[in-house]
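The values are calculated or read from the model by the stated rules, or taken from the named source; none is laboratory data. In this text, all values refer to a predicted model and were calculated from it rather than measured experimentally. Cβ placement follows ideal geometry from the backbone for every residue including glycine, while neighbour counts extend to all protein chains displayed. Surface accessibility is based on the protein's heavy atoms, side chains included, excluding ligands, DNA and RNA. Shrake-Rupley method; radii C 1.70, N 1.55, O 1.52, S 1.80 Å.
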Amino acid sequence: MIIMGSKGNKRHIKGLNAPRYFGTPRKELKYVVKPNAGRHNLKESLALLLALRKLYPESSDREMVKAIKSGRVKVNGRSIKDPKFPVGINDLLELEGEGKKYTISINEKGKSELTEGVSETSQLYKVVGKYKYKGGKIMIRLHDGRIVSGSNDISVNDSVKFASGKMEKHIKMKEGAECMVLRGEHVGAKGMIKSILQGTKSIGKSVTIEDSATHETFETLMSNIMVI
């Protein structure tokens, strides 16, 4: 009997199979660097090296890897030395010595974009889980995979904003709140929640949104949006 050994986790993804969020030309690149697991999900994250490629297309991978490993690149104010460190929606990138910051977002095609400057959504994260820890301490899980201390007034589907590593703002998921669409047919759109509709256990709640650009109303699942 022949026992096959495990090949382990692949370090790259074929260009044709790369998630749309990567925003890479599928037919031009045979392989794309794969982000490590742990932060964000694969379909809505990209490796730090790939994010730098978008900012500095004229630089070589060697130059960018050197900049990352030297500690010059910061994600949400923290130096990151791993080229495959996963970054995603609303993370804030900074390259020391250039005095510029970039916020990662998603466009109407479901692809990642890096916008210069600190925006209203920089370091804003959706609450995707909540539970009690030892001693009744409230913990919340965010869409980037982090688990942080919370409070009773913070609910799943709300959003929390960070600054200098500390939570500074809490935004409730409610009618009248502004939101952005992260996935689905209307990905990239922003608007106001007009109503929240009760769903089923299998589908979940949905919302109707008035698009701030077209003023048209559409419906999507609550899991597809983030209040801002």
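Please find, within region 27-73, the residue that is modelled with the highest pLDDT out of those that are in a loop (DSSP other than H, G, I, E, B) and hydrophobic (A, V, I, L, M, F, W, C).
Ala37
Go through region 117-131 and give me each residue that's out of contact with any Ser or Thr (no Cβ under 6 Å at 6 or more places or on another chain), free of Cβ contacts under 8 Å to residues at least 24 places away in the same chain and surrounded by 11 or more Cβ atoms within 10 Å (Cβ to Cβ).
In the first step, residues of region 117-131 are kept if they are out of contact with any Ser or Thr (no Cβ under 6 Å at 6 or more places or on another chain); the result is 117-118, 120-121, 123, 125, 127-131.
Okay, now just the ones that are also free of Cβ contacts under 8 Å to residues at least 24 places away in the same chain, so 117, 131.
Passing the criteria: only Tyr131.
More than 24 Å from His143 (Cβ to Cβ), in contact with an Asp or Glu (Cβ under 9 Å, 6 or more places away or on another chain) and of a type outside the set (Asp, Glu): which single residue out of Gly88, Gly23, Gly71 fits that description?
On the way: Gly88 fails: more than 24 Å from His143 (Cβ to Cβ); Gly23 fails: more than 24 Å from His143 (Cβ to Cβ).
Exactly one residue qualifies, and that residue is Gly71.
Give the residue, chosen from Ser206, Ser151, Ser202, that is among the hydroxyl-bearing types (Ser, Thr, Tyr), more than 26 Å from Val118 (Cα to Cα) and in contact with an Asp or Glu (Cβ under 6 Å, 6 or more places away or on another chain). Full working, then the answer.
Working: Ser151 fails: in contact with an Asp or Glu (Cβ under 6 Å, 6 or more places away or on another chain); Ser202 fails: in contact with an Asp or Glu (Cβ under 6 Å, 6 or more places away or on another chain).
Just one listed residue meets the conditions, Ser206.
Report those strands (runs of 3 or more DSSP E) wholly inside region 79-122 carrying at least 3 residues which are among the acidic types (Asp, Glu).
Working: elements: 86-88, 92-95, 101-106, 112-116.
Ranges flagged: none.
Residues are listed down the side, and each one gets a yes or a no for (1) open to solvent by less than 70 Å² (accessible area, probe 1.4 Å); (2) without any contact (Cβ under 8 Å) to a residue 24 or more places away in the chain; (3) among the acidic types (Asp, Glu); (4) in contact with a His (Cβ under 9 Å, 6 or more places away or on another chain):
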residue: Ala37; (1), (2), (3), (4): no, no, no, no
residue: Glu44; (1), (2), (3), (4): yes, no, yes, yes
residue: Leu49; (1), (2), (3), (4): yes, no, no, no
residue: Glu58; (1), (2), (3), (4): no, yes, yes, no
residue: Glu63; (1), (2), (3), (4): no, yes, yes, no
residue: Gly77; (1), (2), (3), (4): yes, no, no, no
residue: Ile89; (1), (2), (3), (4): yes, no, no, yes
residue: Glu98; (1), (2), (3), (4): no, yes, yes, no
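Would you check which residues across region 132-170 are touching a residue at least 60 places away in the same chain (Cβ under 8 Å) and within 17 Å of the chain's Cα centre (by Cα) and list them?
The first filter runs over region 132-170 and keeps only residues touching a residue at least 60 places away in the same chain (Cβ under 8 Å), leaving 143-146, 157-159, 162, 164-165.
Those that are touching a residue at least 60 places away in the same chain (Cβ under 8 Å) and within 17 Å of the chain's Cα centre (by Cα): His143, Asp144, Gly145, Arg146, Asn157, Asp158, Ser159, Phe162, Gly165.
Identify, please: which residue in region 198-228 is open to solvent by 20 Å² or more (accessible area, probe 1.4 Å) and touching a helix residue (DSSP H, G or I) at 6+ places or on another chain (Cβ under 9 Å) and is, among those, modelled with the lowest pLDDT?
Result: Gly199.
From (1) crowded, with 18+ Cβ neighbours inside 10 Å; (2) touching a Gly at 6+ places or on another chain (Cβ under 8 Å); (3) in contact (Cβ under 8 Å) with a residue 60 or more places away in the chain, pick out the condition that doesn't hold for Glu108.
That leaves (1) as the condition not met.
Given the condition more than 23 Å from Val33 (Cα to Cα), among the polar types (S, T, N, Q) and crowded, with 19+ Cβ neighbours inside 10 Å, answer yes or no: does some residue in region 146-162 qualify?
Yes: one or more hits.
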